[in-house]
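What follows is a short report on a single structure.
Throughout, read-outs are computed from the coordinates displayed, never taken from laboratory work. Computed from a prediction, not measured in an experiment: that's the story for all the values here. In this analysis, Cβ positions are derived from the backbone assuming ideal geometry, glycine residues included, and neighbour counts consider all displayed protein chains.
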Amino acid sequence: MKEQYVGDINDYRKYALLRRLASAGLKIGVCWMLTPPDGRPDGLKIGYLNDPKRWRQPDPGLFEILAATVTEGGGCRLQRIESSGAVSGATFFNEIVPDASGPRTAWFMRASEILNGADLVFFDPDNGLDVASVRKGRVGSSKFVYRDEIAAIYAAGHSILIYQHFPREARDGFIARLVADLAQVASGGRIAVFKTSNVAFTLVLRPEHTGKCDVTRVTEGWPPEFMRLATSPE
């Protein structure tokens, strides 16, 4: 993720989802997967803040936090989010993700150590799960979370949530493939996908956490345009 986009509509959705998971009793660890700003002015979708009648309802308290964060402007928006209590009791890891293999391995080890006390680790990459065309260690690999990293965090006893931009393909087919891929690296995990207009959030629950989180109720009371459950565990 890039700090220049903190407070946009996708941020609203991901923090709201994390708040619901935290309220279910899961201790949250956030791995921001921060990448440097690119200077591009496009993509900052904050128009929702000007339409509170439509967008405030899903999480009024969070809406106010994000409105204040964006209004104050300037840098350090991410720090303000962390200190605001937007995600109660969360632990955060906010080092910039390197592309090179050696530094990436060291980065991941530090993240794993800092987030070790979390029940659920949220990965927030620019793009989402790795793709075959961008191998770890190559330029641009910092925009992805890799399957071996997911497997390691899951094996260490954590449930997982992943931010995922939709590629340019049929979404139902992509979601089905995403679920199948994650099932291979998180054996025994119960997988659910929450869908929005531009991104998906894939939840992988370890068996010991399923009793805390009824995924069919996570989006309860939210309009479909905000977020809806696309697939749920059997």
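Below are the figures for this structure:
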{"item": "Viscosity 1.567 mPa s, 4 °C: Kirkwood-radius Stokes-Einstein D of the stretch 119-234 over Cα pairs, µm²/s", "result": "89"}
{"item": "Net charge dipole size for the chain [Lys, Arg +1 and Asp, Glu -1 on Cβ; Debye, nearest 20]", "result": "240"}
{"item": "Cut-off under 5 Å, modelled amide H: who pairs with Val30 long-range", "result": "Thr91, Phe92, Phe93, Phe122"}
{"item": "Where only C-alpha atoms are counted, convex hull volume of the chain per residue in Å³", "result": "122"}
{"item": "Euclidean distance of C-alpha centroids, the stretch 57-89 and the stretch 126-188, integer Å", "result": "27"}
{"item": "Charge context of Tyr163, other residues only, Cβ under 13 angstrom, K/R +1, D/E -1", "result": "+1"}
{"item": "Subset of Lys27/Lys136; Lys45/Lys136; Lys136/Lys212; Lys45/Lys212; Lys53/Lys212; Lys2/Lys136 violating a 26 Å alpha-carbon distance limit", "result": "Lys27/Lys136; Lys45/Lys136; Lys136/Lys212; Lys45/Lys212; Lys53/Lys212"}
{"item": "Dipole of the stretch 3-231, positive end: most advanced residue of Cys31, Val131, Cys76 [Cβ charges, Cα centre]", "result": "Val131"}
